[in-house]
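See structure below.
The values are calculated or read from the model by the stated rules, or taken from the named source; none is laboratory data. Model, not experiment: these values are computed from the prediction. Don't worry about glycine lacking a Cβ; one is built from the backbone with ideal geometry, like all the others, and counts go over all protein chains shown.
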Amino acid sequence: MRLQDKIALVTGAAGGIGSVTARCFAREGATVILVDIDLEACSRVCDDIAQNIGQASCSGVDLTSEKQVVELFSNIRRDYGRLDIVVNIAGGDCEPAASVESIDMERAMKNLDMNLKSCMLCCREAAKIMKPQAYGRIVNMSSLVWRGSPNQFSYSASKGGIFAFTRSLALALGGFNITVNALAPALVEVDAFTRVLGPERWQALAKASAERYPLGRIATPEDVAKAALFLASDDAAFITGQLLEISGGARL
């Protein structure tokens, strides 16, 4: 198993990508720490892993709160003594269809907090544990829209910021045997999109996107989880500071 005896933190673990990633890592032998602001949903995923797959624990944490993030990592140090892998999946888009004239700064700041700030806080605290142990694998969640989007201004800014932050971390932490990489998925089939858009709008978006992607389909959570697994494993020990696009060839 590729993650045997590793301690892995997965944020956003109650969501479509996060829950699949947590299960994937557990099947590969990792003890998985699941974190999500929705503790009830996170606990359901955690219980399923603990009963059917492997070792898991969970916490309900608002990752935009510096105090809560510091406490989370303090508890990890206390309970496990080390941390080998962090996968920062938590995030979202509070302003998915704004024109440039209608950018709402309150929602824009929420996007920066949910995506970029949460990632920076978790990486900062993870580095404090990983540097002394001279080992670590950090995988951050960017998006294909890091390249830019005509109606996702603050979300694109946050995801582009994650890529720049990832590269900076890779430069700073490489000497401690810590790799830092990012994933950039295109459209992924998760329940959150269906809930927000409704079934008809979602199906129209998915169909239109699939027709534009050379591989002829949109991504699944498993596509993203397997890419995260590769970057979190020692198969990727000499890869750092990279952005892996999971896009089916979109925007080639």
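For segment 221-236, the criterion of being closer than 20 Å to GLY15 by Cβ, out of contact with any helix residue (DSSP H, G or I) (no Cβ under 6 Å at 6 or more places or on another chain) and part of a loop (DSSP other than H, G, I, E, B) is met by none of the residues.
Which one is nearest to GLY241 (Cα to Cα), of the residues in segment 138-178 that are charged (D, E, K, R) and over 13 Å from the mean Cα position of the chain (by Cα)? Filtering first and then ranking leaves ARG167.
Screening ARG195 against (1) assigned to a helix (DSSP H, G or I); (2) under 30 Å from ARG2 (Cα atoms); (3) of a type outside the set (A, V, I, L, M, F, W, C) leaves a single unmet condition, (2). Cβ-Cβ contacts under 8 Å between residues 6 or more apart (or on different chains), taken from a first residue in segment 128-155 that is without any contact (Cβ under 8 Å) to a residue 40 or more places away in the chain to a second residue that is part of a helix (DSSP H, G or I) and crowded, with 24+ Cβ neighbours inside 10 Å, are listed as VAL145/TYR155; VAL145/LYS159; SER149/TYR155. So, LEU205, is that one touching a Gly at 6+ places or on another chain (Cβ under 8 Å) and not β-branched (Val, Ile, Thr) or not? In short, no.
Restricting ARG124, ARG137 to residues that are at pLDDT 95 or above and outside any helix (DSSP H, G or I) narrows the list to ARG137. Is it fair to say LEU231 is within 17 Å of SER247 (Cα to Cα) and surrounded by fewer than 16 Cβ atoms within 10 Å (Cβ to Cβ)? No: the conditions fail for LEU231.
Residue pairs whose Cβ atoms lie under 8 Å apart, separated by 6 or more positions or on different chains, with the first residue in segment 167-181 and surrounded by fewer than 14 Cβ atoms within 10 Å (Cβ to Cβ) and the second among the polar types (S, T, N, Q), are GLY174/THR240.
Scanning segment 95-124 for residues that are touching a residue at least 60 places away in the same chain (Cβ under 8 Å) and of a type outside the set (S, T, N, Q) yields GLU95, PRO96, CYS122. Residues in segment 237-252 that are touching a residue at least 60 places away in the same chain (Cβ under 8 Å), out of contact with any helix residue (DSSP H, G or I) (no Cβ under 7 Å at 6 or more places or on another chain) and at positive phi: GLY248 only.
Across segment 190-208, the number of residues qualifying as under 26 Å from THR166 (Cβ atoms) and touching a residue at least 40 places away in the same chain (Cβ under 8 Å) comes to 2. Of the candidates LYS110, LYS131, LYS117, LYS159, the single residue that is among the charged types (D, E, K, R) and surrounded by 22 or more Cβ atoms within 10 Å (Cβ to Cβ) is LYS159.
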